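The values are calculated or read from the model by the stated rules, or taken from the named source; none is laboratory data. Bear in mind the structure is a predicted one, so any value in this text is a computation, not a measurement. Quick reminder, even Gly has a Cβ in these numbers, built from the backbone with ideal geometry, and neighbours come from all protein chains shown. We work out accessible area using only protein heavy atoms, side chains counted, and drop any ligands, DNA or RNA first. Shrake-Rupley method; radii C 1.70, N 1.55, O 1.52, S 1.80 Å.
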Amino acid sequence: MAMRPDVRRHTIVIIVFCIAQWAFMRYILNEQLFNLTTYQRIVYFSTSSFIAGFGSIVALIYMVIKGNDDKN
């Protein structure tokens, strides 16, 4: 059975959001838009990367579990 379209759409939206928030944080840190110390920049980058990676993995797991949900 093919992947359910609503599950695939939700997964793609979550992954795109994770990548967008990661890219936005990278832009903020690279352009030094806020007056952050080196330690704060490292913490924000690490946190942003972790959230983006965790969100993407959770979205993929959600797609695998709920995508082919056969209830026959």
Which angle between 0 and 90 degrees, to the nearest 10, do you get for helix 5-31 versus the longest principal axis of the chain when only C-alpha atoms count? 10
Can you check what the net charge comes to around LEU33, using other residues whose Cβ is under 14 Å from the Cβ of LEU33 (Lys, Arg +1; Asp, Glu -1)? +1
Can you pull the three principal axis extents for the Cα set of the chain, in Å, largest first? 57, 16, 10
Please determine, in degrees from 0 to 90 and to the nearest 10, the orientation of helix 38-67 with respect to the longest principal axis defined by the Cα atoms of the chain, where the helix direction is its Cα long axis. 0
In square angstrom, what is the accessible area per residue of the range 21-72 with a 1.4 angstrom probe? 80
